[in-house]
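A.B. asks: Sharing a structure with you now.
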Amino acid sequence: MCPNKGSNSKKVKERKIDILLVVNMFLTGFDSPALNTLYVDKNLRYHGLIQAYSRTNRIVNEQKSQGEIVVFRNLKKATDEAITLFSNKEAIEVIIMKPYEDYIKKFNEAFLKLLEITPTVETVDNLASEEDELAFIKAFREVMRLKNTINSFADFDWEDLAMDAQQFEDYKSKYLDLHDKVKTDHGKEKVSVLEDVDFELELIHRDEINVTYILKLLADLKETKESDKQKKKKEVVDLIAGETNLRSKRELIEKFIEENLPLVKDTEEIPQEFENFWSKEQQKAFNKLVEEENLDKEKTKRLIEDYLFAEREPLRDELLNLLNGEKPSVLHRKNIGDRLLKRILTFVETFINGMDR
């Protein structure tokens, strides 16, 4: 039970409370998008029922498209009456999700369509045209959407699906490869048909995969038996490859695993060793950037700091002002400005974004 509504509502929103027992509060004035499941053991009716059910119905981008309600009493008739009263009878079909089995069937059908385009994960690399790549993107995006919906059910089990978890992760990695290709390939003169595709990366993102989590994985890898090390390493690398916020860091993390981790004597030393490694690599990359582009080091450092603070991409004139010596002609200003912007944003994405614990 909850004697202090204000205090506990804040803790729920901050995800400091996993389970909350409520007698007759939190029906109004409480909004927590993270709240997913409501267990009901009370005879609710009309506005009280709608208000209670609505506590789970706050979406979180594409990550949470609906809530789950587990009822221990027969409230089917009361639920239909409440929805009809406050909306209309037809709304019942829209508001109430279909049974779990219906989404399993839809998922398996979507998976079969995906296999028609790319029978194996490897065939994604052999797609002949951008139209073929677009077909794969749309097919796998539908698989992701349905997986996201199914994941909200308490009954969810990979055994119910025609696609296993490893297949999903492998296809997801290829999907992200295509996303990276589209977003970084600005050299082509021809307009890409993939340029405006919404990859809906919110369906993939998971907040718990951060630096702290990576360090835990590295500690587990360090303590793994030598005979199992390669398998464990692959699991770590595959996980990194499947996370949108870590893909730019994959090569560096692999380098740390190969070159530094074997030299660490105690797992408790890993956080400090990783931080030292990251700082050195960041400084090396920064020096390389300013040297290759002939930039003023202090101005570049300030521009990156300002970008991180204001969260506003630097303007072309601001970027060109970083150049030492003679400024480029009007004909070359756009190309040079675009290149500098891309390199600075890549540097920030790789070494700074997502690195707070």
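The values are calculated or read from the model by the stated rules, or taken from the named source; none is laboratory data. Source: prediction; values computed, not measured. A quick note on method: Cβ atoms are made from the backbone with ideal geometry, for glycine too, and the neighbour counts reach across all protein chains shown. Areas reflect the complete protein model, heavy atoms only, side chains present, ligands, DNA and RNA absent. Shrake-Rupley method; radii C 1.70, N 1.55, O 1.52, S 1.80 Å.
A.B. asks: May I ask you to list pairs of residues, at least six apart or on different chains, whose Cβ atoms are under 9 Å apart, with the first in the stretch 147-161 being within 10 Å of Y100 (Cβ to Cβ) and the second being surrounded by fewer than 12 Cβ atoms within 10 Å (Cβ to Cβ) and among the hydrophobic types (A, V, I, L, M, F, W, C)?
C.D. replies: A154/V70
A.B. asks: For T184, all conditions in the list (1) under 30 Å from V71 (Cβ atoms); (2) modelled with pLDDT under 90 hold save one; what is the number of the exception?
C.D. replies: If we test T184 against (1) under 30 Å from V71 (Cβ atoms); (2) modelled with pLDDT under 90, just (1) comes out false.
A.B. asks: Taking the stretch 223-252 on its own, how many of its residues are modelled with pLDDT under 90 and either open to solvent by less than 60 Å² (accessible area, probe 1.4 Å) or on the phi > 0 side of the Ramachandran plot (or both)?
C.D. replies: Within the stretch 223-252, the subset modelled with pLDDT under 90 is 223-251.
Filter once more, so that each one left must be either open to solvent by less than 60 Å² (accessible area, probe 1.4 Å) or on the phi > 0 side of the Ramachandran plot (or both): 224, 229, 232-233, 236-249.
Qualifying residue count for the region: 18.
A.B. asks: So, of the residues in the stretch 104-141 that are open to solvent by 30 Å² or more (accessible area, probe 1.4 Å) and under 24 Å from E68 (Cα atoms), which turns out to be nearest to the chain's Cα centre (by Cα)?
C.D. replies: Once the filter is applied, the top-ranked residue is R141.
A.B. asks: Only one of (1) small (G, A, S); (2) more than 30 Å from N276 (Cβ to Cβ); (3) not in a helix (DSSP H, G or I) is not met by G337, so which one is it?
C.D. replies: With respect to (1) small (G, A, S); (2) more than 30 Å from N276 (Cβ to Cβ); (3) not in a helix (DSSP H, G or I), G337 is out only on (3).
A.B. asks: Can you find even one residue in the stretch 257-267 that is loosely packed, with under 10 Cβ neighbours inside 10 Å and outside any helix (DSSP H, G or I)?
C.D. replies: Checked against the condition, which is being loosely packed, with under 10 Cβ neighbours inside 10 Å and outside any helix (DSSP H, G or I), the stretch 257-267 yields at least one hit.
A.B. asks: Among the residues of the stretch 201-222, which ones are at pLDDT 80 or above and surrounded by 16 or more Cβ atoms within 10 Å (Cβ to Cβ)?
C.D. replies: Our first condition is that a residue be at pLDDT 80 or above; within the stretch 201-222, this holds for 214-222.
Passing the criteria: I214, L215, L217, L218, A219, L221, K222.
A.B. asks: Continuing with this model, one more query. Among the residues of the stretch 325-357, write down those that are under 21 Å from V211 (Cβ atoms), open to solvent by 90 Å² or more (accessible area, probe 1.4 Å) and either modelled with pLDDT of 95 or more or of a type outside the set (K, R) (or both).
C.D. replies: Going through the stretch 325-357, the residues under 21 Å from V211 (Cβ atoms) turn out to be 345-357.
Then keep just the ones that are open to solvent by 90 Å² or more (accessible area, probe 1.4 Å); that gives 356-357.
Matches in the stretch 325-357: D356 only.
A.B. asks: So which residues in the stretch 252-285 are of a type in the set (D, E) and over 19 Å from N353 (Cβ atoms), if there are any at all? Give the steps one after another, and end with the answer.
C.D. replies: Filtering the stretch 252-285 down to residues of a type in the set (D, E) leaves 254, 258-259, 266, 268-269, 273, 275, 281.
Answer for the stretch 252-285, where residues must be of a type in the set (D, E) and over 19 Å from N353 (Cβ atoms): E258, E259, D266, E268, E269, E273.
A.B. asks: For the stretch 286-324, give me the residue count where each residue is crowded, with 16+ Cβ neighbours inside 10 Å and either in contact (Cβ under 8 Å) with a residue 60 or more places away in the chain or under 27 Å from the mean Cα position of the chain (by Cα) (or both).
C.D. replies: Residues in the stretch 286-324 being crowded, with 16+ Cβ neighbours inside 10 Å and either in contact (Cβ under 8 Å) with a residue 60 or more places away in the chain or under 27 Å from the mean Cα position of the chain (by Cα) (or both): 4 in total.
A.B. asks: Restricting the search to the stretch 302-335, which residues are more than 20 Å from T346 (Cβ to Cβ) and small (G, A, S)?
C.D. replies: G325, S329
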